[in-house]
Amino acid sequence: MKNILGLWRYYTLEREQYNRSILKIIPNNLASLRNTNIVVSVLCFCFTCFPLLVERNILKAGVYLAAIFIAILISILANFCLKAFKQDTRAGNIYRYILTTVYYVNVILFGIYIGVWTSPDGTATTFMTLLICALFLFINPPLYNLVLTLSAMAFFITASVLIKERNIWIFDIFNVLIAGAFSIIFTWQISMSRLVSVFNAGKLEEERNSYYDQSTIDELTGVKNRRDFMQTIQRRMTNYRNSDDWLCMAIMDIDFFKNYNDHYGHPQGDKCLCSIGKALNGLNDSMGVYAARVGGEEFALIWHEKDVMNAGNTVSQIQQIINELNIPHEKSKVAPHVTVSIGIHSIRCGTTNDIHALYNYADRALYDAKRGGRNRAVIYKA
C-alpha cells in the first residue's frame, strides 16, 4: 500500500515541479553512467585476461572485449551528453534513457553470457548480483526500472531454459525471481525517495526565495529595497573588481514631492511612487540598470559602463522615461508634470570597496542638482 501511495504521489506531482526535479537528477545520472562504465570496462578487462591468456579461447575473449568497447563508448557519450545537457535539457533527458538502457542491456547480456553459455552446469550467481545492483546508481522512474528488470529476467529465464538441464534451470528461475524482486523493491524505494527529496528540496528553495524576495522588495513600489541595494552594490564591487568597466551610481529624487502629497493627498502620492517604481523596474531588462527605493521619494540606480562618458546619456534616457509618464503635478515649480533630479558618481571597478563614499558622492551631486534648479542630472566632480 505504501508503494502504491508513493507511486500515486510520484505521478501526481505538479508537471512543472516534476520536470524541474527530473532536470536536477539528470546530471547525476549521466555522471554515474560515465563513472560506472569506466569501472565496468576495467572489470571486463580483468575478466578478459583469463580466457585470452589461460583458456586460449578467442571467441570468449572477444565477447569480453565487446563488452569493454560498449562500456567505454557509453562512458564517452555520457561525458559528452553531460556537457550538452547544460545547453539543451530536453535532449539530456533522452540521452539519459538511451544510455541507461544500452548500459543495462550490455551488463545483463554479459551476465547472461557468463551465467548461461559459459557455465551450463551451474546456477548463475553472477547474474543475480548484476540484476540486483545494475540500476542502484541511477535515479529512474520506478516503471522504467520495472520494465528493465522484468525484461532482463525474461531474457535470462529464456536463455537458461534453452541451454541448461531442467534440474538446473529450475533453480535459476527460482533465484532470478528472488533477485528480480529485490531489484524492483530496492530501485523503487531509491527512485521514489530521491525524486521526492529533490521535489521537496525544490519546494523549500522556492519558499526560501519567496521569503528572500519579500525581505528585499519594497512593498509599495515593487522595486528592490535599501537592504538589497546595499547587498547588490557590495556584490558588484566584489564581482567586478578585475573588470575595466565603470560602476555608476545615481541617486534620484522626485521634485517637490511634499507639495505633490499636500495637494493630491498621500494615496495619490503612493500611486505616483508606484508608477515610477514600475518604470524603474523595467530598466533592468531594457538598459541593464538596477533600481532600488532607498528613501521616501528617493531611488538609487546602479549600472556599468564601458565608457564613463556614457553615464550622463543613460541618466538622460531615464529622465525621459519618467517625463513620458506625464504624471500631473500642479504644485511643481519646474514643470506641469512630475520630474526628477539625479546625482551621479562613477568609479573604475576594483579601485575601491567603499560603498558609503560612492553613495555620498552621488548624494552630493543630487544636492547640487536640486540647488541648481531641479529637473536635472549632475555628475559629481571631485
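Laboratory data are not the source of any read-out in this text; all were calculated from the coordinates shown. None of these values were measured; they are calculated from a predicted model. With ideal geometry, Cβ positions are generated from the backbone for all residues, glycine too; neighbour counts draw on all protein chains shown.
How far is helix 58-85 tilted, in degrees, relative to the longest principal axis of the Cα atoms in the chain, given as a value from 0 to 90 rounded to the nearest 10?
10
Defining a contact as two alpha carbons under 8 Å apart and six or more residues distant in sequence, what relative contact order in percent does the stretch 142-234 show? Before the final figure, lay out each step's value.
Working: 33 pairs, mean separation 22.5, N = 93.
Reported as a whole number, the value is 24 percent.
Using 7 Å Cα-to-Cβ label points, what is the residue 357/residue 54 separation (nm, one decimal)?
Modelled inter-label distance: 7.6 nm.
Could you please tell me the mean projected area of the C-alpha convex hull for the stretch 231-382, averaged over all directions and given in square nanometres to one decimal? Let's see the in-between values first.
Working: hull surface 34.1 nm².
Approximately 8.5 nm², given one-decimal rounding.
Among 314, 357, 48, which residue has its Cα furthest toward the positive end of the charge dipole of the chain, with +1 on Lys/Arg Cβ and -1 on Asp/Glu Cβ?
About the Cα centre, the residue reaching furthest to the positive side is 48.
What length, rounded to one decimal in nm, is gained on full extension from residue 150 through to residue 324, with 0.36 nm per residue of separation minus their alpha-carbon distance? Can you show the working numbers first?
On the way: separation 174, 0.36 × 174 = 62.64 nm, distance 6.84 nm.
55.8 nm is the gain from fully extending residue 150 to residue 324.
Taking the Cα centre as origin and putting +1 on Lys and Arg beta-carbons and -1 on Asp and Glu beta-carbons, what dipole magnitude results for the chain, to the nearest 20 debye?
Details: 37 positive and 30 negative charges, 75 e Å.
Using Cβ point charges on Lys, Arg, Asp and Glu, the chain gives about 360 debye.
With everything on Cα atoms, drop me the angle between helix 166-216 and the longest principal axis of the chain, reported from 0 to 90° to the nearest 10.
Its long axis makes an angle of about 0 degrees.
Using only DSSP helix segments of four residues or longer, with each worth -39500 (n - 2.57), what per-residue ellipticity at 222 nm results for the chain after dividing by its residue count and rounding to 500? Can you show the working numbers first?
Values: 13 runs with 254 residues, N = 382.
So the calculated ellipticity at 222 nm is -23000 deg cm²/dmol.
Calculate how steeply helix 355-371 sits against the longest principal axis of the alpha-carbon atoms of the chain, using the helix alpha-carbon long axis, and give the answer as 0 to 90 degrees to the nearest 10.
So the inclination is approximately 30 degrees.
Which lysines, on any chain, are close to residue 331 with Cα under 17 Å apart, when same-chain ones fewer than 8 places away are left out?
List returned: 258, 271, 370.
Excluding same-chain residues fewer than 8 positions from residue 164, which lysines have a Cα within less than 20 Å of its Cα?
60
What is the ratio of the Cα radius of gyration of the stretch 38-169 to 2.2 N^0.38 Å, with N the residue count, to two decimals? All intermediate terms of the calculation are to be shown ahead of the outcome.
On the way: Rg = 16.3 Å, N = 132, 2.2 N^0.38 = 14.1 Å.
Relative to the rule-of-thumb radius for its length, the stretch 38-169 sits at 1.16.
Over the chain, what is the relative contact order in whole percent, taking alpha-carbon pairs under 8 Å and six or more residues apart? Don't jump to the answer; show the numbers that get you there.
Numbers: 519 pairs, mean separation 50.5, N = 382.
This gives 13 percent for the chain.
State the label only: which of (i) 22.2; (ii) 20.4; (iii) 27.2 corresponds to mean projected area of the Cα convex hull in nm² computed from the shown model?
(iii)
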